[in-house]
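Quick notes on the structure that follows.
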Amino acid sequence: MARTPDFKRASIEAKRARANLPKLPPFDPEAVAEDKGIEVVYASFAAPHDREISGFYHKADNKIVVNRDISTGRMVFTIAHELGHALMHQEYIESQNYQPVYRSNHHEGEKPIEEVEADQFAANFLVPLDLLEKYRDVADIGELARMFAVSEDVIENRLATLHRNPWLAKS
């Protein structure tokens, strides 16, 4: 039987990672990473990687490396995504399948399950659906993006998830 992304685990791990943070957004994945002993560093990448890579987790040095030339919203999501890998995917990180986060989100063939799970971890960490539901009727997409310190794309994706699965805001 083919393995499918474990969305529930990604949600649970994101909630657990946020446990010691203030209860209102924005949520700081860099603070959580550093609290767990993971250093976050910002680097410039040589062409063509400067336009392709957002960041990656380097297990040997226990570092999340972030492209300093991307938008702030993308940096925050990248840190959360890589934190998800560090917390959930140690075996994957050591495998030949692990690769840096590409801004185009392009993968040969299907996106690896671990990448989908890390995206879900980041989305759940940064924009919990229960809080999004609480604020969605009193703020527009731009205001929500600023409140949660993410891009408008992340808010639009989370709102679409909430629309398709309203019960997830209750869990």
- Note on the structure: Which residues qualify? For V40, with a placed amide H closer than 5 Å and at least 5 residues away or on another chain, they are I64
- Message: Quick check for me: using +1 on Lys/Arg Cβ and -1 on Asp/Glu Cβ, what's the dipole size of segment 7-126 about its Cα centre, in debye to the nearest 20?
- Response: 460
- Karplus 3J(HN,Hα) series, Hz, for segment 59-67 with 6.51 cos²θ - 1.76 cosθ + 1.60 (x for Gly, Pro): 4, 4, 9, 6, 10, 9, 9, 10, 5
- Points 7 angstrom from Cα along the Cβ direction at R164 and A19: gap in nanometres? 3.0
- Listed by chain and number, the residues whose amide H is under 5 Å from that of G55, excluding neighbours fewer than 5 places away on the same chain and using placed H, are N67, V101
- Query: Taking N as the number of residues in segment 128-171, what value does Rg over Cα atoms divided by 2.2 N^0.38 Å take?
  - Reply: 1.03
- J(HN,Hα) series, segment 146-154, from Karplus relation 6.51 cos²θ - 1.76 cosθ + 1.60, nearest Hz, glycine and proline x: 5, 4, 8, 6, 10, 6, 4, 4, 5
- Expressed in angstrom and ordered largest first, the alpha-carbon extents of the chain along the principal axes are 42, 41, 31
- Message: Rounded to whole Å, give me the distance from the Cα center of segment 32-56 to that of segment 69-89.
- Response: 8
- Helix 7-18: angle to the longest alpha-carbon principal axis of the chain, degrees 0 to 90, nearest 10? 90
- Item | For the chain: lysine pairs under 18 Å (alpha-carbon distance), excluding those fewer than 8 apart on one chain | 10
- What order do you get for I113, I155 when you list them from fewest to most C-beta neighbours inside 10 Å? I113, I155
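Read the figures in this text as sums done on the coordinates, not as results from a lab. It should be emphasised that the depicted structure is a prediction, and the values quoted were computed from it without experimental measurement. When we count neighbours, we look across all protein chains shown, and the Cβ atoms used for this are built from the backbone with ideal geometry, even at glycine.
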